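These notes concern the structure reproduced below.
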């Protein structure tokens, strides 16, 4: 989109206003920079092989992230396995099957409302449904995975819908024209085209799930645990929970050493997930041209 | 001519076999899951909150000024928690809304395409940082910094939490407002320039009012997010439930408070059992929180659809 370049800076009011707007933008950028610089600076010297492979400890030098790192990866993998088919399935129904505009509108409104529900309330949902009603054991991998799946489903559905919407109708018409059924059209024409967009949205949603703390506290996940989960019914901890537990400790070695080290590990994983998502989107945009 | 896919597929590509129908039903149940989730949330909150209100009267819950669910004598007044939540929400909005709109004006009206392509995603990274990290940042870096300006500040205080939540919701405001401003057609700007207006006048008297519905919607969503924010306030703002006097700004901001969300985490981490009143109070507070954010989200959608300016 091109902008008109007439009417530039002409008087002090113009200049002052531009100055304010640039200043405001810098506040955001500088906050991000300050956060990253402080945290990375404090983490230097604390992230090493021992930190990645040890269980937590009350001695800062021996403390490690291993059980919560494994816990996070385990839970997020399950969330991915659950939310991808469910989210894409819902998106396919809304974009390809639904003929009732009332029902579609109802479900879409509902999804956008769900996206605005605070994450801690999903924790209460998990506690009330999966633990109290279904009787699944408190604080286990399976309950965490179910809860986080429900939390990110709205994001997965909306981004999958966008990806499916972007597939041109001409392709569908061509498939129907040679006698394909609706499912055949979806499977061999729509989905292959939409998969990069779906993957981008899903990875971003999983990154969101990986950073969540409050819902996991509500379902009773451990804030600090010494063994990594052995199965889906094992109790677990996740990196944000471990960070929460450590940030509560008053010792300097924890406040300015172990905690920022854990934050850096978490941020590196989240930024890598974002980078993968951006890479997929970029590659896909190139291919489409 | 564009054929509506729904019309087209009613002629061709009909569900011809059993497997086609089974697949359709699978996808339908996926879509239905989101509705079931909503029903589940409402159901869980209402059922457990109702049990709570059978033990503690709803009048006491909304009028008592003391909250101490785990210390005897237990008292369940939600007012201190609501006041804490509103305090943090208000001050984070004071930080984020003007900064967000000003950034949006810069990105939409002034910045070159190249600057925008770098700055907008960079701001959005702020929204992707886990909230627990913001809590740590407020407690370990911001509060010590603030104590140089306000020596009387407590180690846990509402101000540091408000600042980080303001930073956290800033990209929501700037991104969504910028989208709304970019949707304002250039012809309106050109008309302004044609009358001899400066960029300042065009931005503030043409673009800003034209994008107002989108900007308001972004405000409400950001405020709703601040209300439901949990970890930053749990870590940085303390766990001291008190009714805040919003006009005594120093007392309100420099001392510990407790929000609804922080109180829920506190109960969630304590060893209360599943059938105690304290445990049930979790759901009563959760329901209050859910109703508040739900109303905000509905309002945001209403403003967006009602006052949406459709430009060709």
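For B:280, B:306, the sequence from fewest to most other C-beta atoms within 10 Å is B:306, B:280.
With a ≥ b ≥ c the root eigenvalues of the C-alpha gyration tensor of region B:221-296, is it rounded (a/c under 1.5), prolate (a/b larger than b/c) or oblate? Note, shape of region B:221-296 comes out oblate. Using a Gaussian network model of chain A whose springs link C-alpha atoms within less than 10 Å, name the residue from A:256, A:173, A:138 with the highest mean-square fluctuation. Residue with maximal mean-square fluctuation among A:256, A:173, A:138: A:173. Full extension of the segment from residue A:133 to residue A:19, taken as 0.36 nm per residue of separation minus the current Cα-Cα distance, would add 35.3 nm.
Residues B:137, A:279, arranged from fewest to most other Cβ atoms within 10 angstrom of their Cβ, appear as A:279, B:137.
One Cα centroid belongs to region B:103-133, the other to region B:20-83; the line between them spans 36 Å. Between rounded, prolate and oblate, where does region A:222-280 land on the alpha carbon gyration tensor, with a ≥ b ≥ c its root eigenvalues, rounded for a/c under 1.5, else prolate if a/b exceeds b/c? Judged from the Cα gyration tensor, region A:222-280 comes out oblate (a/c at least 1.5, b/c at or above a/b). What the Kirkwood sum gives for region B:67-306 is a hydrodynamic radius of 19.3 Å, with every pair of different alpha carbons counted.
With all pairs of different alpha carbon atoms counted, what Kirkwood hydrodynamic radius in Å does region B:107-239 show? If you can, show how the numbers build up before the last one.
Values: mean 1/r = 0.0596 Å⁻¹.
Taking every pair of different Cα atoms in region B:107-239, averaging 1/r and inverting gives 16.8 Å.
Within 10 Å of the Cβ of each residue in A:72-81, the mean number of Cβ atoms contributed by other protein chains is 0. When only alpha carbons are used to place a centre, region A:229-281 and region A:132-179 end up 26 Å from one another. Taking 0.36 nm per residue of separation and subtracting the Cα-Cα distance, full extension of the segment from residue A:169 to residue A:278 would add 36.7 nm.
Taking a point 7 Å from the Cα of residue B:251 along the Cα-to-Cβ direction, the residues of region B:225-245 with backbone N closer than 18 Å to it are B:240-245.
Which ordering of B:134, A:66 is given by a fewest-first count of other beta-carbon atoms within 10 Å? Provide the component values of the computation, followed by the final result.
Working: B:134 26, A:66 18.
So the ranking, lowest neighbour count to highest, is A:66, B:134.
Shown here are the Rg and Dmax of the Cα trace of region A:51-288, at 20.5, 70 Å.
Under the simplified labelling scheme, the residue B:115-residue A:230 pair shows an inter-label distance of 6.0 nm, with each label point 7 Å from Cα along Cα→Cβ.
Dimensions of the protein assembly as shown based on its C-alpha atoms, expressed as ranges along the principal axes with the largest first, amount to 72, 71, 56 Å. Stretching the chain fully between residue B:32 and residue B:188 yields a gain of 51.9 nm (0.36 nm per residue, less the alpha carbon separation).
Would you compute, from DSSP H runs of 4+ residues alone, the mean residue ellipticity of chain B at 222 nm, taking -39500 (n - 2.57) per run and dividing by the full residue count, rounded to the nearest 500? Walk me through the numbers on the way to the answer.
Values: 14 runs with 211 residues, N = 312.
Taken over chain B, the calculation gives -22000 deg cm²/dmol.
Where only DSSP H runs of four or more residues are counted, chain A gives -21500 deg cm²/dmol as its mean residue ellipticity at 222 nm, each run worth -39500 (n - 2.57). Result for chain B in a Gaussian network model with C-alpha springs under 10 Å: among B:26, B:53, B:219, the largest mean-square fluctuation is at B:26.
In the Gaussian network model of chain B, springs joining C-alpha atoms below 10 Å, which of B:260, B:269, B:216 carries the largest mean-square fluctuation? Comparing B:260, B:269, B:216 in the GNM, the peak value goes to B:269.
FYI, it's all coordinate maths here, none of it is from the lab. Just so it is clear, the model here is predicted, and its values are computed rather than measured. Note: ideal-geometry Cβ built from the backbone for every residue, glycine included; neighbour counts use all protein chains shown.
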